[in-house]
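The values are calculated or read from the model by the stated rules, or taken from the named source; none is laboratory data. Quantities reported herein were computed from a predicted structural model and do not represent experimental measurements. Because the Cβ atoms are built from the backbone with ideal geometry, glycine has one as well, and the counts that use them run over all protein chains shown. What goes into the accessible areas is simple: the full protein's heavy atoms, side chains included, and nothing from ligands, DNA or RNA. Shrake-Rupley method; radii C 1.70, N 1.55, O 1.52, S 1.80 Å.
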Amino acid sequence: MSAATYIPAKRRLHRPLARSFRHDLCAGSSPSRPSLSGLWSSRFMRDLPVLGRAQGGSDGNIVMEDGAIDWAYRPTTLEGVTDAFAVLVTGDSMMPKYAVGDLVYVNPEKQPRKGRYVLVELEGHRGLVKQFDRWDNDILVLQQFNPAQEMRFSRSQVLRVLAIIGSMDA
């Protein structure tokens with residue numbers, strides 16, 4: 001038998017499974033929400049919405065969309081957290097912790113703690129990825145790495161402070 005006509009048995013064995021997979025993936029799915037039917041569970045689906053991009057710099061600019069701009073795999077730490085989402089980092093002010101293009105996972109149900117990383121949503125669609133320091137009365141105190149500086153925002157400017165529970169390198 002020549003190499004040109006040889007078809008590995010492994011390929012033939014996977015063909016029925018591939019047909020089943022294509023059918024299940026398409027059944028009931030849409031661009032706005034993936035299907036969880038058939039062979040797949042949420043562990044194998046990209047079901048975590050990526051809702052925008054957050055600036056790492058001091059002037060922060062978060063672009064939050066009405067719907068997902070992409071979908072990501074849900075880490076096990078966010079299983080069962082229905083309002084969890086991810087955001088892309090667009091600045092370098094938190095280097096070396098977060099770089100441009102990193103995906104950060106946000107758990108809105110978790111309280112921020114000193115020394116942990118947060119996504120801060122400010123009025124005017126500004127958003128920052130920073131290290132949480134504390135609330136000093138009505139002032140939110142954050143730390144930035146690059147350049148190293150303390151940042152302060154009045155409570156009236158802050159819409160939400162959301163815990164980042166992990167990230168994926170770009």
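Residue under question is MET45, and the condition is that it be modelled with pLDDT under 85, within 15 Å of the chain's Cα centre (by Cα), more than 25 Å from VAL158 (Cα to Cα) and open to solvent by less than 80 Å² (accessible area, probe 1.4 Å); does it hold? Outline the logic, then answer.
Working: modelled with pLDDT under 85: yes; within 15 Å of the chain's Cα centre (by Cα): yes; more than 25 Å from VAL158 (Cα to Cα): yes; open to solvent by less than 80 Å² (accessible area, probe 1.4 Å): yes.
In short, yes.
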Subject >> Residue ranges of strands (runs of 3 or more DSSP E) in segment 76-170 with at least 2 members within 18 Å of LEU51 (Cα to Cα) and open to solvent by 50 Å² or more (accessible area, probe 1.4 Å) >> reply: 158-168
Subject >> Output for segment 154-170, where each listed residue is more than 23 Å from VAL100 (Cβ to Cβ) and either of a type in the set (Phe, Trp, Tyr) or in contact with a helix residue (DSSP H, G or I) (Cβ under 7 Å, 6 or more places away or on another chain) (or both) >> reply: GLN157, LEU159
**OP:** Taking GLY67 as meeting all but one of (1) at pLDDT 90 or above; (2) within 18 Å of the chain's Cα centre (by Cα), write down the number of the exception.
**Re:** (1)
Original post:
Within segment 133-148, is there a residue that is closer than 19 Å to GLY166 by Cβ and basic (Lys, Arg)?
Top reply: no
Original post:
Take the residues of segment 125-153 that are under 23 Å from PHE85 (Cβ atoms) and touching a helix residue (DSSP H, G or I) at 6+ places or on another chain (Cβ under 9 Å): which is modelled with the lowest pLDDT?
Top reply: ARG126
**OP:** State which residue pairs qualify: first residue in contact (Cβ under 8 Å) with a residue 24 or more places away in the chain and inside segment 125-137, second residue charged (D, E, K, R) in any location, beta carbons under 7 Å apart, and separation of 6 or more residues or different chains.
**Re:** GLY127/GLU121; PHE132/ARG113; PHE132/LYS114; PHE132/ARG116
